[in-house]
Every structure is written in C-alpha cells, then in structure tokens.
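Inspection log for the structure reproduced underneath, given as structure tokens.
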Amino acid sequence: ELGQYRHYMQKEIFEQPAALSATLEMLEGARSVQPGLFGANAEAIFADVNRVLIIACGTSYHAGLVARYWLEAIAGVPCVVEIASEYRYRESVANPHTLVVTISQSGETADTLAALQHAKNLGMAHSLAICNAPESSLVRETALRFITRAGPEIGVASTKAFTTQLAALYLLTLALATRLGRLDAVREANALQALRHLPAAVARVLELEPEIKAWAERFSDKQHALFLGRGRHYPIALEGALKLKEISYIHAEGYPAGELKHGPLALVDRNMPVVAVAPNDTLLEKLKSNLQEVRARGGELYVFADADSEISESEGVHILRLPEHYGSLSPLLHVVPLQLLSYHVALVRGTDVDKPRNLAKSVTVE
Ligand code: F6R
C-alpha cells in the first residue's frame with residue numbers, strides 16, 4: 001500500500017496534488033463558484049448570513065485561521081475562529097445571521113461536534129461542515145456541507161486533509177464574495193485559474209524535498225524551534241510548529257513575527273533555529289526586519305521564500321525558494337515544505353512518524 005514511500009505521512013504529503021485535483025474537480029469548465037457546491041439550500045442560507053464563525057481543533061483550526069484572512073479581505077465578511085473545546089464552554093454572544101463553519105478531517109472529533117451543538121442551542125442554525133468523511137457524524141448535523149476529497153488519511157499528522165480544507169475554504173470565500181458583489185468576473189476567473197493550477201504548483205514545491213532533507217539534519221539535535229510568519233502565513237507558522245512537535249517531539253512554537261520583541265526574542269540563541277515563512281507579499285519588508293532581530297541574537301534562520309522574494313543568503317541565513325509566488329493562495333504552497341521538514345526531522349530522530357506517542361488519529365472523546 002505504501003508503494004515507493006516509507007511512511008503514510010510521506011505518501012500523503014505527496015498525494016496532495018491529486019487530493020487537490022479531486023477536491024476541485026467540479027471547477028472543470030466552471031466560470032464561477034456556485035453556492036450549490038455547498039448544498040441545495042446554500043443560496044438561501046448565504047443570503048441570510050453576514051458573518052462567519054469557524055470552529056475546529058488542531059490542524060483543522062489552523063485552516064480556519066487562514067480562512068479568516070481570506071473571508072475578511074476578499075469577501076468582506078467578518079469572521080472569528082474558535083478552538084472547539086474553548087468555544088463550547090465559553091459564554092459567548094450569538095447572532096442568528098452567522099454561518100457556523102465546522103472543519104474536520106474525520107468528522108468525529110468530540111469537541112467539534114459538541115461545539116456545533118452548542119452553537120445550534122444558542123440559536124445559530126446556519127451551519128456548514130467542511131469534512132473529509134462523507135458519512136461522518138459531523139456531516140449529518142449540518143445544514144450545508146463540502147466534502148474534501150483527500151482520500152483516507154492514515155498518518156496521525158494531518159497533511160493532505162489540511163490543504164484540501166484550505167481549497168474548500170477558498171471556494172467558500174469566493175462564493176460569499178460573489179454573492180456580496182465583491183468579486184467582478186475578471187477577478188473571479190483569475191481566482192479560479194489559480195485554483196485549477198494549484199495541483200501543478202504543489203507538485204513543483206514537492207520537488208524541493210532533497211534540499212529540505214538536508215536542512216532537517218541540522219534540526220535533529222535541537223531542543224526547540226521557532227516558526228515565524230505574518231498575515232495569512234502566520235497560521236502556516238503555527239501549523240509548521242504543530243507538525244514538528246507532534247512527530248519529532250522537538251518543542252516548537254509558531255509566532256506572528258511582529259510579536260517577537262514582545263517576549264519570545266528572549267529565547268533566541270545559537271541553539272534555537274528559527275524558521276520563517278517569507279513569501280513575496282506586502283509584509284516581506286516587515287518580516288525582514290524581524291529576521292534581523294533574530295540574527296542579531298545569533299539565531300540561525302531557515303527561510304522559505306518565493307523565487308522573487310527580495311532576500312539573500314548570508315552567514316546564518318539559509319534560504320529555500322518556492323518556484324512561484326502564489327498570491328492569496330500562497331499558504332497552500334508554503335505549508336508543504338514545513339510538512340516535509342517535520343517529516344525529515346522525525347526520520348533523522350527515529351520517531352514513529354505515522355503513530356506519534358500519546359496521540360490518536362481521531363479524538364472521539366473530550
Ligand atoms: C494534527 C492533527 C490534529 C487534528 C485534530 C482535529 O496533525 O491531525 O491536530 O487536526 O485532532 O481532527 P479533525 O480534523 O479530524 O477534527
């Protein structure tokens with residue numbers, strides 16, 4: 001079953017182009033994103049919502065955090081993202097015009113199911129599940145659904161489920177943006193073109209594996225690592241840190257780069273590698289000055305840039321460039337090298353990649 005791969009995680013990382021193609025298949029020949037993609041009642045429900053509440057756990061929560069940047073910037077819809085286990089026990093203010101979006105690979109995560117129930121009890125009936133398991137409990141509980149077609153994910157660490165969730169969330173953003181008149185035909189056509197090209201773009205990023213493997217050697221004796229990003233790549237930094245800690249057992253933290261000097265900079269020294277997600281976007285210059293602060297404290301930098309990011313290698317600054325820069329969908333590309341990095345660090349350390357200690361694939365108890 002593993003074919004040419006050593007582990008399910010590696011196989012699933014490399015299946016991402018196919019998983020994205022399958023998830024986006026319905027876009028073949030489409031000129032716009034129809035609400036019907038999310039269910040028969042979607043049009044009526046979308047017409048009644050003016051805000052989005054996203055609820056999820058773990059990696060699925062990180063997908064929600066990326067979506068928040070898209071929903072507010074592209075669709076102009078206010079969005080909050082909640083960790084399911086927090087939301088369900090918190091006294092919060094409910095609004096019936098909220099689209100409650102739950103995201104889950106398995107559709108069986110106890111906290112996510114309970115948080116959805118909690119939202120319904122508060123009078124929020126407009127619900128949408130983004131889920132990889134069509135027959136799951138979650139999908140049975142929501143008014144609308146979008147099934148990602150990542151195929152079975154066996155490795156405990158979520159990889160292809162994450163990128164397909166992001167694709168689904170981007171489609172949701174486009175559907176809401178079109179409805180609200182925020183997206184003209186040209187922009188929508190460009191966005192669809194970018195989505196269709198995603199599988200090929202991810203495939204090119206996967207070709208960086210040999211270089212990432214070489215970097216991984218340098219992480220294997222470290223105790224701690226810091227992951228930095230800004231804007232829609234801040235959640236990607238969180239996801240990179242989660243992947244590293246769960247499969248290699250190296251303590252890692254993801255931080256918005258602008259927060260460095262508010263605390264974590266105190267940790268930085270020669271023994272603390274700092275990974276930066278540095279696509280060529282409007283925040284790159286800001287990020288570069290954050291990186292200088294790291295260098296000034298002797299921190300070793302591992303920067304994932306784009307082909308055209310204006311940033312150069314120097315003493316202690318290692319750079320890997322993704323082949324193309326990808327605008328608002330860039331988080332889907334930039335997470336891939338971080339998945340590969342954690343995989344290869346775990347290999348060097350000899351941990352059980354597909355079944356990390358203390359973890360279960362599906363968390364069906366609170
Ligand atoms: C991390 C990971 C977990 C899951 C989380 C939610 O790699 O796999 O953090 O993302 O347990 O699971 P689902 O998406 O099935 O609700």
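Values for this structure:
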quantity	calculated
Amide H within-cut-off set for Ile54, under 5 Å, with H built and near neighbours excluded	Val80, Val81, Glu82, Val101
Gain in span if fully extended, His97 to Glu313, counting 0.36 nm per residue against the direct Cα distance	72.8 nm
Ellipticity estimate at 222 nm from DSSP helix runs (n ≥ 4, -39,500 (n - 2.57)) divided over the chain, nearest 500	-13000 deg cm²/dmol
Angle between the chain longest axis and helix 209-219 axis [Cα atoms, degrees, rounded to 10]	60 degrees
Cut-off 17 Å, label 7 Å out along Cα→Cβ of Glu28, residues of segment 124-168 by amide N	149-150
Helix 160-179 axis, angle to the chain major axis (alpha carbon atoms, nearest 10°)	50 degrees
Assigned charges on the beta-carbon of Lys, Arg, Asp, Glu; segment 191-335 dipole about Cα centre (debye)	280 debye
Accessible area in square angstrom per residue, the chain, 1.4 angstrom probe	41 Å²
Cut-off 14 Å, label 7 Å out along Cα→Cβ of Glu217, residues of segment 322-366 by amide N	345, 348-349
Subset of Lys160/Lys355; Lys213/Lys245; Lys222/Lys288 violating a 21 Å alpha-carbon distance limit	Lys222/Lys288
Proximal charge balance of Ala22 [Cβ under 11 Å; K/R count +1, D/E count -1]	0
Estimated distance in nm for a label pair at Tyr89 and Ala73, the labels positioned 7 Å out from Cα along Cα-to-Cβ	3.4 nm
The chain: relative contact order as a whole-number percent, Cα under 8 Å and 6+ apart	19 percent
Using θ = phi - 60° and Karplus 6.51 cos²θ - 1.76 cosθ + 1.60, couplings along segment 341-354 (whole Hz; Gly, Pro as x)	4, 5, 4, 6, 5, 4, 4, 4, 7, x, 7, 7, 4, 7
Carbon/sulfur fraction of accessible area - the chain, other protein chains in place, 1.4 Å, %	49 percent
Thr282-Arg140 pseudo-label distance in nm [points 7 Å out on the Cα-to-Cβ vector]	4.6 nm
Sparsely packed GluC sites (Glu not before Pro) within segment 61-93, loop by DSSP, other Cβ within 10 Å at most 10	Glu91
Cα gyration tensor category, rounded, prolate or oblate, for segment 1-67 with a/c compared to 1.5	oblate
Tilt relative to the chain, helix 185-206 - C-alpha long axis, 0 to 90 degrees, to 10	40 degrees
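The values are calculated or read from the model by the stated rules, or taken from the named source; none is laboratory data. Keep in mind the model is a prediction, meaning the values are calculated, not measured. Virtual Cβ from ideal backbone geometry, glycine too; neighbours counted across all protein chains shown. For accessibility, only protein heavy atoms count, side chains too; no ligands or nucleic acids. Shrake-Rupley method; radii C 1.70, N 1.55, O 1.52, S 1.80 Å.
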